[in-house]
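First the structure, in the form of structure tokens, and then the observations on it.
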Amino acid sequence: MKIHGIPYRSLWVKQGDPHTIQLIDQRYLPHKFVIEEIRTLDEIASAIQEMHLRGAPLIGVAAAFGMYLALLDAPSDQSLEKIMEDASSRLKATRPTAVNLQWAIERQLKVIRRMRSKEEGVQLLFEEAQKMAEEDVESCRRIGEHGLRLIEAIRAKKGGGAVHILTHCNAGWLACIDWGTATSPMYQAFDKGIDLHIWVNETRPRNQGASLTAWELGQHGVSHTVIVDNASGYLMQRRKIDLAIVGSDRTTATGDVANKIGTYLMALAAHDNGIPFYVALPSTSIDWEKREGISEILIEERRAEEVTHIQGLCDGEIKKVLLTPRETQVANYAFDVTPRRLVTALITERGVCPATEEGLLQLFPEKRMPP
Ligand code: MRU
């Protein structure tokens, strides 16, 4: 997607220097556009943990490059298997909820089994990480095509006027490599000339909606309004929202969806108001081994400071200010699980399906267990 008219991805290999990964440091958006350079496993692990980059698909691709950098950096006198195992544990510990992270690391661990020398391993890991990045772009593009049809159908049913879509957190191109998951249908609808308006939940505590989604949509020229998270129910009651599209950090084989905290409450309000609630996700976000999201998905708990403080621009400088009494006790759950009964449908790269085990297996028959 474009920033000031120039095409960017969220992360890429530095031109002419395959030892350096460049990424947009999302901590400073929308106020400052900073490109960070990463050369080591430690740097990529802390970039994931400290959310210089975030979003399930992007975390996955970043971890794949992390595995590559770990081997590239490895001293030749050490066991390469041990180095890869340590890198895998280090990366997996950074963010527990998004399954893409584990998926990408496992894929790299499979690749490494084919290596006959360190040099060959480095090359294989590099190629695989690049392949994952390209696959993510293509998956997101296709999610957009399938989601576009849903938007077109809602527009036809409305019989005119703008289509109003609610979204939460940032499931945009910054959370992926390009296009985004929830935003891809929006960008494709906008590019086709469909009149759209996006309601963007600010998404406390990190405000990914207010700072990232609003910025992305603005860069592309898509009309949008930021609202506080608690306002979406009110807007639904006033029929100001036609549909909701959110992303997913982990979807179970049965269709339960773990996504940014607050998604469940949005889905409840959508259900109560008869508003379609869609989840857009690449298949890399499906955890085929989990069946019950609420009991089986580990929810990341993050630092209290994300709740007690808020970051913004003040006198031209990015600053953090304290919101709560200094000693207040805080809980910071980063994700919640929306049960499948509240999800109208899942939008994947292979098409749209009900949020059920059978729905997913119809699209991904290779995951069906042999009888
Ligand atoms: O904590 P974050 O910012 O990594 O959470 C991101 C989200 O919850 C996104 O909605 C999710 O990854 C969907 S993917 C594009």
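The values are calculated or read from the model by the stated rules, or taken from the named source; none is laboratory data. Predicted, not measured: the structure shown is a model, and the values here were computed from it. With ideal geometry, Cβ positions are generated from the backbone for all residues, glycine too; neighbour counts draw on all protein chains shown. Remember, those area values only see protein heavy atoms, side chains included, never the ligands or the DNA or RNA. Shrake-Rupley method; radii C 1.70, N 1.55, O 1.52, S 1.80 Å.
All but one of (1) surrounded by fewer than 21 Cβ atoms within 10 Å (Cβ to Cβ); (2) part of a helix (DSSP H, G or I); (3) within 16 Å of the ligand (Cβ to nearest atom) hold for LYS131; state the number of the condition that does not hold.
(3)
Go through the stretch 142-194 and give me each residue that's touching a Lys or Arg at 6+ places or on another chain (Cβ under 9 Å) and at pLDDT below 95.
GLY161
Quick one: would you say GLN102 is over 18 Å from LEU212 (Cβ atoms) and either surrounded by 18 or more Cβ atoms within 10 Å (Cβ to Cβ) or within 16 Å of the ligand (Cβ to nearest atom) (or both)?
Here the answer is yes, as GLN102 does meet what is asked.
For the stretch 105-117, what are the residues that are open to solvent by less than 10 Å² (accessible area, probe 1.4 Å) and either within 11 Å of the ligand (Cβ to nearest atom) or hydrophobic (A, V, I, L, M, F, W, C) (or both)?
If the condition is that a residue be open to solvent by less than 10 Å² (accessible area, probe 1.4 Å) and either within 11 Å of the ligand (Cβ to nearest atom) or hydrophobic (A, V, I, L, M, F, W, C) (or both), then ILE105, VAL111 are the ones that fit.
Taking only the stretch 219-233 into account, find how many residues are without any contact (Cβ under 8 Å) to a residue 40 or more places away in the chain, over 12 Å from ASN201 (Cβ atoms) and open to solvent by 40 Å² or more (accessible area, probe 1.4 Å).
1
Name, by its number, the condition in (1) among the aliphatic types (A, V, I, L, M); (2) buried (at least 24 other Cβ atoms within 10 Å of the Cβ); (3) more than 16 Å from the ligand (Cβ to nearest atom) that does not hold for LEU150.
The failed condition is (2).
Let me confirm something: among SER76, SER88, which residue is at pLDDT 95 or above and of a type outside the set (Phe, Trp, Tyr)?
Going through SER76, SER88 in turn, just one is at pLDDT 95 or above and of a type outside the set (Phe, Trp, Tyr): SER88.
With the condition being in contact with a Phe, Trp or Tyr (Cβ under 7 Å, 6 or more places away or on another chain) and within 16 Å of ARG250 (Cα to Cα), I'd like the strands (runs of 3 or more DSSP E) fully within the stretch 273-371 carrying at least 3 qualifying residues.
Where strands (runs of 3 or more DSSP E) fall fully within the stretch 273-371 and carry at least 3 residues being in contact with a Phe, Trp or Tyr (Cβ under 7 Å, 6 or more places away or on another chain) and within 16 Å of ARG250 (Cα to Cα), they are 335-338.
So if I check each of CYS353, CYS314, which one is without any contact (Cβ under 8 Å) to a residue 24 or more places away in the chain, in the same structural domain as ASP256 (by TED's automatic domain parsing) and surrounded by 16 or more Cβ atoms within 10 Å (Cβ to Cβ)?
Going through CYS353, CYS314 in turn, the sole match is CYS353.
Could you count how many residues in the stretch 285-304 are open to solvent by less than 70 Å² (accessible area, probe 1.4 Å) and closer than 24 Å to LEU29 by Cβ?
4
In the stretch 60-73, how many are acidic (Asp, Glu) and either at positive phi or surrounded by 18 or more Cβ atoms within 10 Å (Cβ to Cβ) (or both)?
Residues meeting the conditions: 0.
Among the residues of the stretch 272-282, is any under 21 Å from the mean Cα position of the chain (by Cα), open to solvent by less than 10 Å² (accessible area, probe 1.4 Å) and hydroxyl-bearing (Ser, Thr, Tyr)?
No, the stretch 272-282 has no match at all.
Say we look at the stretch 178-211 and pick out the residues that are farther than 19 Å from LEU11 by Cβ and of a type in the set (Asp, Glu); which of these is farthest from the ligand (Cβ to nearest atom)?
ASP195
For every residue, the table says whether it meets (1) aliphatic (A, V, I, L, M); (2) touching a Gly at 6+ places or on another chain (Cβ under 7 Å); (3) assigned by TED's automatic domain parsing to the domain that holds GLY55.
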| residue | (1), (2), (3) |
| --- | --- |
| ASP272 | no, no, no |
| LEU281 | yes, yes, no |
| LYS290 | no, no, no |
| LEU322 | yes, no, no |
| THR328 | no, no, no |
| ARG340 | no, yes, no |
| LEU346 | yes, yes, no |
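Would you call GLU37 of a type in the set (Asp, Glu) and out of contact with any Lys or Arg (no Cβ under 9 Å at 6 or more places or on another chain)?
Spelling it out, it is not the case that GLU37 is of a type in the set (Asp, Glu) and out of contact with any Lys or Arg (no Cβ under 9 Å at 6 or more places or on another chain).
Residues checked against (1) surrounded by fewer than 23 Cβ atoms within 10 Å (Cβ to Cβ); (2) over 20 Å from ILE38 (Cβ atoms):
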| position | (1), (2) |
| --- | --- |
| PRO75 | yes, no |
| ILE83 | yes, no |
| ARG90 | yes, no |
| GLN123 | yes, no |
| GLU127 | yes, no |
| ASP136 | no, no |
| LYS158 | yes, yes |
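Could you list, in sequence order, all residues of the stretch 317-349 that are buried (at least 18 other Cβ atoms within 10 Å of the Cβ) and basic (Lys, Arg)?
Of everything in the stretch 317-349, just one residue is buried (at least 18 other Cβ atoms within 10 Å of the Cβ) and basic (Lys, Arg), namely ARG340.
How about the stretch 219-268: which of its residues are among the charged types (D, E, K, R) and within 16 Å of the ligand (Cβ to nearest atom)?
The answer is ASP229, ASP249, ARG250, ASP256, LYS260.
Every residue, every condition in (1) assigned to a helix (DSSP H, G or I); (2) within 23 Å of VAL279 (Cα to Cα); (3) free of Cβ contacts under 8 Å to residues at least 24 places away in the same chain, yes or no:
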residue: LEU58; (1), (2), (3): yes, yes, no
residue: GLU106; (1), (2), (3): yes, no, yes
residue: ARG114; (1), (2), (3): no, no, yes
residue: VAL122; (1), (2), (3): yes, no, no
residue: LEU125; (1), (2), (3): yes, no, no
